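Contents: one structure, followed by commentary.
Throughout, read-outs are computed from the coordinates displayed, never taken from laboratory work. Keep in mind it's a predicted model, so treat the numbers as computed, not measured. Note: ideal-geometry Cβ built from the backbone for every residue, glycine included; neighbour counts use all protein chains shown.
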Amino acid sequence: MTLDVLQANVALLAEKERLEQERSRLIELNRVRTEFLARVSHDLRTPLNSIIGFSDLLLAGDGGRLPRKSLDYLNAIHRNGHALVGLINDLLDLSSMELGRITIRRQPFDLGEFLADVRAATDPIISRSSVQITWPDVRRLSGQSVIADRRRLLQVMTNLLDNARKFTTAGGRVSVVIEPRPHELHLVVSDNGPGVPEQLRQAIFQPLSSTTTPRHESTGLGLAIVKAIVDQHQGTITVERGPDGRGCSVLIHIPTQEDLP
Ligand SMILES: Nc1ncnc2c1ncn2[C@@H]1O[C@H](COP(=O)(O)OP(=O)(O)O)[C@@H](O)[C@H]1O
Ligand SMILES: [Mg+2]
């Protein structure tokens with residue numbers, strides 16, 4: 001080997017060493033960041049539970065006897081407490097997903113009961129808005145069982161319905177499809193809002209991709225979490241125009257074969 005080649009080899013080895021050190025440093029930094037996020041989120045929930053719990057008690061008990069202004073203030077505390085819990089749960093989810101801790105527990109469940117879960121979970125959000133929502137017929141779903149993570153899929157539907165409500169204005173219409181197919185569960189949430197421009201249809205699944213203003217109560221974490229849950233199920237998610245060529249349709253296919261890991 002000539003001296004040149006030897007020198008080049010030494011330089012390459014040094015560079016390789018430097019890159020390896022840099023890589024370890026970044027991995028460590030990422031771990032610290034994620035753990036910090038998880039710990040802070042956790043510590044935030046304890047005092048919040050007390051704020052929500054006590055305002056709950058006040059609203060249920062003395063709510064009727066409070067002066068109008070005090071009741072307004074109390075409702076605002078209660079509402080914002082819930083909004084904060086939602087945000088913190090999103091943060092916790094995202095940080096645990098980054099740590100690779102999100103686990104899917106597949107168990108058989110009844111789709112009629114799942115629909116009831118989704119309706120119960122989203123009713124408080126939907127009933128305060130003016131959107132009109134079309135649900136699947138519960139009689140067609142009851143007695144049909146699939147194998148997937150029911151709690152996580154409920155989280156998926158709540159996120160999608162929250163978006164559908166949020167991005168449609170007065171006169172908004174939203175429709176929900178929950179449909180078992182052979183070895184697959186199809187979930188669709190469509191709305192007649194502004195839709196998602198084609199060039200953004202990948203980007204919206206990235207964390208913090210929110211395009212909205214604070215007025216919209218956005219964190220930009222919802223779809224990232226939805227995507228992570230779908231990925232864990234080895235499913236697919238796509239965003240298209242709504243059925244009538246307007247608005248937005250989010251389509252999810254979840255494999256439900258029993259032989260999946
Ligand atoms: N139904 C929808 N209609 C129009 N745009 C949507 C819809 N759902 C999601 N988006 C777009 O995707 C972005 C990311 O959504 P998401 O992750 O749920 O965050 P957030 O709801 O906090 O804004 C939104 O800010 C919005 O730009
Ligand atoms: Mg959202």
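Residues in the range 160-204 that are free of Cβ contacts under 8 Å to residues at least 12 places away in the same chain, closer than 27 Å to Asp149 by Cα and either near ligand 1 (Cβ under 9 Å from one of its atoms) or of a type in the set (A, V, I, L, M) (or both): 1 in all. Any chance the range 87-105 includes a residue that's part of a helix (DSSP H, G or I) and loosely packed, with under 13 Cβ neighbours inside 10 Å? Within the range 87-105 (the criterion being part of a helix (DSSP H, G or I) and loosely packed, with under 13 Cβ neighbours inside 10 Å), the answer is no, since none of the residues qualifies. Residues satisfying the criterion are present in the range 104-120 (criterion: without any contact (Cβ under 8 Å) to a residue 40 or more places away in the chain, under 29 Å from Ala38 (Cβ atoms) and not aromatic (Phe, Trp, Tyr)).
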